[in-house]
Amino acid sequence: MTAPFFHFLELSAYSAAFVYFGYKLVKIFLSDEQTCRTVQKSKTYTNTWTIRKFDTIRDSSLKSVVFSGTTCDGEYVAWSYMLNPGYNNGHWASIKIQCESENKAQDVEITIDGKTEKFFGAISKGTFQFPRSKLLELCSYWTGSLTLRFKVTFTKNVLEGCSYEKSISFKEPPQSTLAKDYADLLSSNQCTDITIIVGQRTFHAHKVVFIARSKVFAAMFQHDMQEAQQNQITIPDMDADVFEEVLRYIYTDSVERLPGMAYELLEAAEKYDLTRLKVLCEIELLAGITAKSATKTLEFADLYRADELKARTLQFIARNLSEIPNWKEFCSAKPDLVAEVLDEIARGNHPKALKVNIKEID
């Protein structure tokens, strides 16, 4: 009697365990789960503003040049700084951020080296206030000059990995290796079938990749041209290091030395109809524009039909005309572009800048 009873209990335990694990499996396969992940992306710029002999200045306000950059979405944004030295304001100094572009509600975080204060909010509402004595402490002992270094950070919260999926699901797929695979293919010289001669250097590549990536190269190889007959291209008017970056872009859709070659790569992108590379160059040149580089940027933008870059550069020059160091030479060399600067100044309602402009031309 005892043995059958224990045997019954043992079967009951197995049955209960089977039912329990069966229930868990059914729940896993039938239940749905929503997942989401928020990641903050950021882009930071550093601005330096030096005010000579600040300790002797009695002006009620000072304005910096216009700085510019792009947000995490690639949207152009420009700003300047207005400083009230505090000499006639109860010895309280203030710095206000003035938005010079249309996106005045763009959120930004701004800090000043040597100060603990931090601003976060709409860029058009940025402000700092502190005793004038604190600014004087930052002045050079020998020259009395004040150097302000601002760190400007644009942030954006981005949703990643959001999905509606079964609880029991496969792991995240690995990152794409397509760009790396093509880079390895290029560096290995495996199965190459065309030769490109640039200066004293020779490059080997794959005709099918060139045809797929550039309409200009496609035309060379798909028609009865010398390049198609000999499977060789000679490029006499380009630096070999620049072409190496063009070649990298053709294979991987990216470049490594863009900051130092933006002008040259813009020219190459226009020549070989590499649209995305051209836009990357425009963004790089616009983000790094200064009073010293503005006229060169305008010339390149005009010559290589970079319309957005040209429009933004015209705006920059119009706002900062008095800071352009080679303006006289530019007026003599490029009167057609000077006329466009004049038009931009007139449209932007800058009568003072217009007066300076006309005087320089005369």
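The values are calculated or read from the model by the stated rules, or taken from the named source; none is laboratory data. Owing to the predicted nature of the structure, the values given are computational and were not obtained by experimental measurement. All Cβ positions, even for glycine, are placed from backbone atoms using ideal geometry, and neighbour counts span all protein chains on display. Only protein heavy atoms, including side chains, enter the accessible area calculation; ligands, DNA and RNA are left aside. Shrake-Rupley method; radii C 1.70, N 1.55, O 1.52, S 1.80 Å.
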Considering residues of region 270-320 that are among the polar types (S, T, N, Q) and assigned to a helix (DSSP H, G or I) only, the residue farthest from Val65 (Cα to Cα)
Thr275
Pairs, first surrounded by fewer than 18 Cβ atoms within 10 Å (Cβ to Cβ) in region 298-326, second in a helix (DSSP H, G or I) and modelled with pLDDT under 90, C-beta under 7 Å, six or more apart:
Ser322/Val356
State whether one or more residues within region 354-361 are at pLDDT 95 or above and open to solvent by 50 Å² or more (accessible area, probe 1.4 Å).
no
So, in region 217-272, of the ones that are over 23 Å from the mean Cα position of the chain (by Cα) and small (Gly, Ala, Ser), which residue ends up nearest to Leu186 (Cα to Cα)?
Ala240
Which residues, taken from region 171-201, are within 22 Å of Ala228 (Cβ to Cβ), open to solvent by less than 80 Å² (accessible area, probe 1.4 Å) and without any contact (Cβ under 8 Å) to a residue 24 or more places away in the chain?
Asn189, Thr192
If a residue has to be in a loop (DSSP other than H, G, I, E, B), touching a residue at least 12 places away in the same chain (Cβ under 8 Å), under 19 Å from Val65 (Cα atoms) and charged (D, E, K, R) to count, how many in region 93-136 make the cut?
3
Residue tally, condition part of a helix (DSSP H, G or I), touching a residue at least 40 places away in the same chain (Cβ under 8 Å) and either hydroxyl-bearing (Ser, Thr, Tyr) or surrounded by fewer than 17 Cβ atoms within 10 Å (Cβ to Cβ) (or both), over region 247-265
2
Count of region 223-246 residues which are open to solvent by 60 Å² or more (accessible area, probe 1.4 Å) and touching a helix residue (DSSP H, G or I) at 6+ places or on another chain (Cβ under 7 Å)
1
Starting from region 44-58, take each residue that is under 22 Å from Gln106 (Cβ atoms) and among the hydroxyl-bearing types (Ser, Thr, Tyr) and list its partners that are open to solvent by less than 70 Å² (accessible area, probe 1.4 Å) and part of a strand (DSSP E or B), counting only C-beta distances under 6 angstrom and pairs at least six apart or across chains.
Thr44/Thr153; Tyr45/Gly69; Tyr45/Val152
Subset tally (residues that are open to solvent by 10 Å² or more (accessible area, probe 1.4 Å), in contact (Cβ under 8 Å) with a residue 40 or more places away in the chain and on the phi < 0 side of the Ramachandran plot) for region 266-289
5
Of these, Ser140, Ser124, Ser133, which one is within 17 Å of Thr48 (Cα to Cα) and small (Gly, Ala, Ser)?
Ser140
